[in-house]
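Novice: Could you have a look at this structure, given as structure tokens, before my questions?
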């Protein structure tokens, strides 16, 4: 510390003139002559001063000349009695004056000279300072400007010395030129994939780089409530093109057999569910590693079978998966399908190159460049090289990466269709009216067009009678949609294939809100509408040409460019009317997939139902803008989380802690939150130790499951749990420390339908008003035997629960779910108004340790590992092992321990998570918020099955399923009701 | 659809157990999960009030009163479905009583077709999901100020 002070002082004194200090001198004369010689240049300046000085301060001078002092001395000294003796008899006026003059000039110099690195404007009084003075010297008073300019130049030079000046960039005009802009965009897409709507989103959204994509997280404008309202009463639009599509082709029975290894019937319908297999419905399924049903889940996928073509067993299946899931899923699919031969030669060039060239083709056709002015530029560009092409699809993938795999044994082909298909999701009861407004079934082509032979797909289809009748049927069904009032009226998961006209042709001039039209609705045949509502779309109508690679490519290649379209628009007689005749290229095969809304629970059922719109790639923006013009709201990732939260559905990477992607997400989240926590100054951080929150940034599920397993094995009741759990922790930690190699059974999330249904029935209060004891008779009532048999199968499991708060409070993520004591429940029964019990504040044992380390940085490495009370053994073990390791490791361990000890956070290893607080913890919340649909705080989280059953056994029937919820930053417990919804 | 609070306004069918309605369809209750769809929703005017069993009775009554007095509507329609019929009648009568006879009522009944989805839980996966319709009664009460003549 002192070294730093000395340094600082040195820095300050650097500019001080040395002549002020008098070295110890034996005789006055000598010293004064020295001083006089030191400052010869001050001559005239000092003259007027010297007389005054010598007159006014005769005594001070005298004092300074005390011989035994070096330098200046303040005040009288004890041995001041010595002065009189040494008083000079006489003063040489000239030498004395010169010496004083030197002193004065030195003083003036010191006063004028600014110390250290201060800027010029620091010399100004505060009220004269202005913003950005250092940047713009004209804001300074005139007299200081010159100095400031000099200083600025100096600093600029210093800056340029350090880092090389960046290459001078092109002018903005040059940069914004179309070709250059495209090149720049292509460069930026090389690392993270851009969706087709990227530019649109980037102008309006906070973008995040996630999972290898650039995605919009939330809009920059305030629209949280507006988006919620859109979801519940109108329509919210999302771009979900980042979901990965994997295509499987092969014989039906072989595909089903292969895929059955990945799923289990216990967890709900699988790939082979009859209705999904026919292609009439979209299905969703939980995928596991092959043959590892309960223990190794991968994640949820949705899938869609292509309807059967007559007399063929060859089927096509699309599996839609989240990008984080894809990397695990794809190898797994390859193993179960025995597809290991990558089809490189034709696939690789065909995949990438045509997409690049495709876009430029229509531009190069003669009718595409009607304006002669552009010719010059084009020719110039051609001379330099091929023009920049817009990247469609995956820009990060190397051309040589295989996207297709074939099996030699069973003929199954796997295609990776990532970014080949655009997927938009419309959420809300009016999403069908938005679709009906935007899309129009494709118009047929007249005879002249039919007779022309060209490469476009639609005229060829028009000549086929069967295809046209199918198209007519599909168009009829699409028109029936006008007659329904809410998207939720349709059977969930319905699929409708369709061919539509280019929606840009009917773009309204102004943004209007699409609403259902009562008049149109009454025109629709009632009988047909009823049939659609009850049975959904008939099988043939689910067919769409988007399934065919050739048609997709054809459509993508032959898209009319925006420029061409605008030219056609300008030629229309009545501005804003529909463009006619429809250009031949403007027919797009699409697929509409109904998304079910809230399916669990009794309230708000089918909230958030909607449609997914699947398009061939390249057409993203052509559909996006017309949709936006129908008055929909646009949501980002944030809104999709809220959507699933209101639906009480788990959200993929976040709520799957047992999947690899979920674990990865948890780690990322922890790092992010910890980083945020550390950014606060220590005094402003929440002390989580004092709040009794062991793990505020993550949920140690494994530890929780293990602890509860042991507690239950030993047959714990409320009172014993605490003591036991402590013992358990010690046991566990010591076990871990000694033998980490011991195989631990991993926790799993309970997804067995039957077991969930049983648990759900046990959670429900049996005698509550408004709830019928439905079918409880068929299920065994909760009892010790039933619980033990249940636990024998699912002891290490967690179960997904939906928590709704009984009184006020807003749950946050990582809030604890705790077991209320009988007294708490009694208090709840007596007075509804009471908010719930309080947790007594905990003591922070680590604070003193941190302080100690701060004082003594040398010893920190050892003192930070010094055992505290609960984790004594553990720490000793670590200490011992530290000693074993060689000295070179020391700095590392120091940094580790210093990162371990953060004020307000428990260092690893954590103490017992279950029994840390006065109420026993059974689980945590993974997402929670104030739910605007329920009007109270709602959360979704996991609890340990063992802990839950133990709680339920001890609870009386009217309080079944009531738990306490406590936020990490609060000491207040709130009562909450849990529901397990199947 | 001008009202943002649409879902809460919808009347939620809370009728008796579903499988008592149609004995013709025999099924094993374990194998199917019953999922009720929402009743069909019609576009509603500002003076339509759909009564449900979840919202507080007084709040619904207050809403009706506000429409009649502050909202400037000469008439409102109170709709109730199934279990909520009782409450709809109650609200209408309360409105009439509190107006000291100035309001008149005109009640209509109707039958609403509701749709249930039955999803097979059967692990063999051969079962087709079924859709059934059942009927429920509804009441539509017009509460209005009679014309001055």
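The values are calculated or read from the model by the stated rules, or taken from the named source; none is laboratory data. Remember, predicted model here, so these are calculated numbers, not experimental data. With ideal geometry, Cβ positions are generated from the backbone for all residues, glycine too; neighbour counts draw on all protein chains shown.
Novice: Whether any residue in segment B:11-34 is at pLDDT 80 or above, under 30 Å from residue A:484 (Cα atoms), within 12 Å of another protein chain (Cβ to nearest Cβ) and assigned to a loop (DSSP other than H, G, I, E, B) is what I want to check. Explain how you work it out, then say what you get.
Specialist: Kept after step one, since they are at pLDDT 80 or above, are these residues of segment B:11-34: none.
No: zero hits.
Novice: Residue under question is residue B:42, and the condition is that it be under 25 Å from residue A:604 (Cα atoms), within 14 Å of chain A (Cβ to nearest Cβ), modelled with pLDDT under 90 and under 16 Å from the mean Cα position of the chain (by Cα); does it hold?
Specialist: Working: under 25 Å from residue A:604 (Cα atoms): yes; within 14 Å of chain A (Cβ to nearest Cβ): yes; modelled with pLDDT under 90: yes; under 16 Å from the mean Cα position of the chain (by Cα): yes.
When the stated conditions are applied, residue B:42 passes them.
Novice: To continue, here is another question. Check residue A:535 against each of (1) under 23 Å from residue B:118 (Cβ atoms); (2) at pLDDT 80 or above and name the one condition it does not meet.
Specialist: Checking residue A:535 against (1) under 23 Å from residue B:118 (Cβ atoms); (2) at pLDDT 80 or above, the one that fails is (2).
Novice: If you don't mind, another one. Kindly evaluate residue A:278 against the criterion of being modelled with pLDDT under 85, in contact with a helix residue (DSSP H, G or I) (Cβ under 8 Å, 6 or more places away or on another chain), within 27 Å of residue A:431 (Cα to Cα) and within 14 Å of another protein chain (Cβ to nearest Cβ). Before you say what the answer is, go through the steps one by one.
Specialist: Values: modelled with pLDDT under 85: yes; in contact with a helix residue (DSSP H, G or I) (Cβ under 8 Å, 6 or more places away or on another chain): yes; within 27 Å of residue A:431 (Cα to Cα): yes; within 14 Å of another protein chain (Cβ to nearest Cβ): yes.
Considered against the rule, which asks whether it is modelled with pLDDT under 85, in contact with a helix residue (DSSP H, G or I) (Cβ under 8 Å, 6 or more places away or on another chain), within 27 Å of residue A:431 (Cα to Cα) and within 14 Å of another protein chain (Cβ to nearest Cβ), residue A:278 comes out as yes.
Novice: Please state which of the following conditions residue A:639 fails to meet, knowing it meets all the rest: (1) part of a loop (DSSP other than H, G, I, E, B); (2) buried (at least 18 other Cβ atoms within 10 Å of the Cβ).
Specialist: If we test residue A:639 against (1) part of a loop (DSSP other than H, G, I, E, B); (2) buried (at least 18 other Cβ atoms within 10 Å of the Cβ), just (1) comes out false.
Novice: For segment A:245-257, state whether one or more residues are farther than 30 Å from residue A:757 by Cα and within 13 Å of chain B (Cβ to nearest Cβ).
Specialist: Looking only at segment A:245-257, we keep the residues that are farther than 30 Å from residue A:757 by Cα, and these are A:245-255.
Those still in the list that are within 13 Å of chain B (Cβ to nearest Cβ) too: none.
The answer is no; no qualifying residue exists.
Novice: Hey, among A:472, A:430, which residue is without any contact (Cβ under 8 Å) to a residue 40 or more places away in the chain and either within 14 Å of chain B (Cβ to nearest Cβ) or surrounded by fewer than 20 Cβ atoms within 10 Å (Cβ to Cβ) (or both)? Lay out the reasoning, then the answer.
Specialist: Working: A:430 fails: without any contact (Cβ under 8 Å) to a residue 40 or more places away in the chain.
Exactly one residue qualifies, and that residue is A:472.
Novice: Okay, moving on. Is it fair to say residue B:87 is within 14 Å of another protein chain (Cβ to nearest Cβ), surrounded by 14 or more Cβ atoms within 10 Å (Cβ to Cβ) and in a helix (DSSP H, G or I)? First the steps, then the outcome.
Specialist: Details: within 14 Å of another protein chain (Cβ to nearest Cβ): yes; surrounded by 14 or more Cβ atoms within 10 Å (Cβ to Cβ): yes; in a helix (DSSP H, G or I): yes.
Considered against the rule, which asks whether it is within 14 Å of another protein chain (Cβ to nearest Cβ), surrounded by 14 or more Cβ atoms within 10 Å (Cβ to Cβ) and in a helix (DSSP H, G or I), residue B:87 comes out as yes.
Novice: Please give the number of the condition residue A:534 fails out of (1) touching a helix residue (DSSP H, G or I) at 6+ places or on another chain (Cβ under 9 Å); (2) over 28 Å from residue A:421 (Cα atoms); (3) within 14 Å of chain B (Cβ to nearest Cβ).
Specialist: Answer for residue A:534: the failing condition is (1).
Novice: Looking only at segment A:483-501, which residues are within 13 Å of chain B (Cβ to nearest Cβ) and surrounded by 20 or more Cβ atoms within 10 Å (Cβ to Cβ)?
Specialist: Step one: list which residues in segment A:483-501 are within 13 Å of chain B (Cβ to nearest Cβ), which gives A:483-494.
If the condition is that a residue be within 13 Å of chain B (Cβ to nearest Cβ) and surrounded by 20 or more Cβ atoms within 10 Å (Cβ to Cβ), then A:483, A:484, A:486, A:487, A:488, A:489, A:490, A:491, A:492, A:493, A:494 are the ones that fit.
Novice: Is it fair to say residue A:239 is away from chain B (no Cβ under 14 Å), touching a helix residue (DSSP H, G or I) at 6+ places or on another chain (Cβ under 8 Å) and surrounded by fewer than 21 Cβ atoms within 10 Å (Cβ to Cβ)? Before the answer, list the steps.
Specialist: Values: away from chain B (no Cβ under 14 Å): yes; touching a helix residue (DSSP H, G or I) at 6+ places or on another chain (Cβ under 8 Å): yes; surrounded by fewer than 21 Cβ atoms within 10 Å (Cβ to Cβ): no.
When the stated conditions are applied, residue A:239 does not pass them.
Novice: Mind listing whichever residues of segment A:281-319 are within 14 Å of another protein chain (Cβ to nearest Cβ), farther than 17 Å from residue A:496 by Cβ and outside any strand (DSSP E or B)?
Specialist: A:293
Novice: Which condition does residue A:467 not pass, out of (1) at pLDDT 75 or above; (2) more than 24 Å from residue A:505 (Cβ to Cβ); (3) in a helix (DSSP H, G or I), if it passes all the others?
Specialist: (2)
Novice: Among the residues of segment A:250-260, is there at least one that is surrounded by 17 or more Cβ atoms within 10 Å (Cβ to Cβ), at pLDDT below 90, out of contact with any helix residue (DSSP H, G or I) (no Cβ under 9 Å at 6 or more places or on another chain) and farther than 21 Å from residue A:328 by Cβ?
Specialist: The answer is yes; a qualifying residue exists.
Novice: Which helices (runs of 4 or more DSSP H) sit wholly inside segment A:174-236 and have at least 1 residues that are in contact with a strand residue (DSSP E or B) (Cβ under 7 Å, 6 or more places away or on another chain) and more than 14 Å from chain B (Cβ to nearest Cβ)? Lay out the reasoning, then the answer.
Specialist: Numbers: elements: A:178-188, A:198-204, A:224-233.
Fully inside segment A:174-236 and qualifying: A:198-204.
Novice: Looking at the structure I just gave you, is residue A:747 at pLDDT 50 or above, under 17 Å from residue A:817 (Cα atoms), in contact with a helix residue (DSSP H, G or I) (Cβ under 7 Å, 6 or more places away or on another chain) and surrounded by 20 or more Cβ atoms within 10 Å (Cβ to Cβ)? Before you say what the answer is, go through the steps one by one.
Specialist: Values: at pLDDT 50 or above: yes; under 17 Å from residue A:817 (Cα atoms): no; in contact with a helix residue (DSSP H, G or I) (Cβ under 7 Å, 6 or more places away or on another chain): yes; surrounded by 20 or more Cβ atoms within 10 Å (Cβ to Cβ): yes.
Judged against the criteria, residue A:747 is not a match.
Novice: Suppose we filter A:509, A:504 for residues that are within 43 Å of the chain's Cα centre (by Cα), assigned to a helix (DSSP H, G or I) and either within 14 Å of chain B (Cβ to nearest Cβ) or modelled with pLDDT of 75 or more (or both); which single one remains?
Specialist: On the way: A:509 fails: assigned to a helix (DSSP H, G or I).
Only one candidate passes the filter, namely A:504.
Novice: Suppose we filter A:658, A:612 for residues that are closer than 24 Å to residue A:234 by Cβ and either without any contact (Cβ under 8 Å) to a residue 40 or more places away in the chain or more than 14 Å from chain B (Cβ to nearest Cβ) (or both); which single one remains?
Specialist: Values: A:658 fails: closer than 24 Å to residue A:234 by Cβ.
Within the list A:658, A:612, the selection yields A:612.
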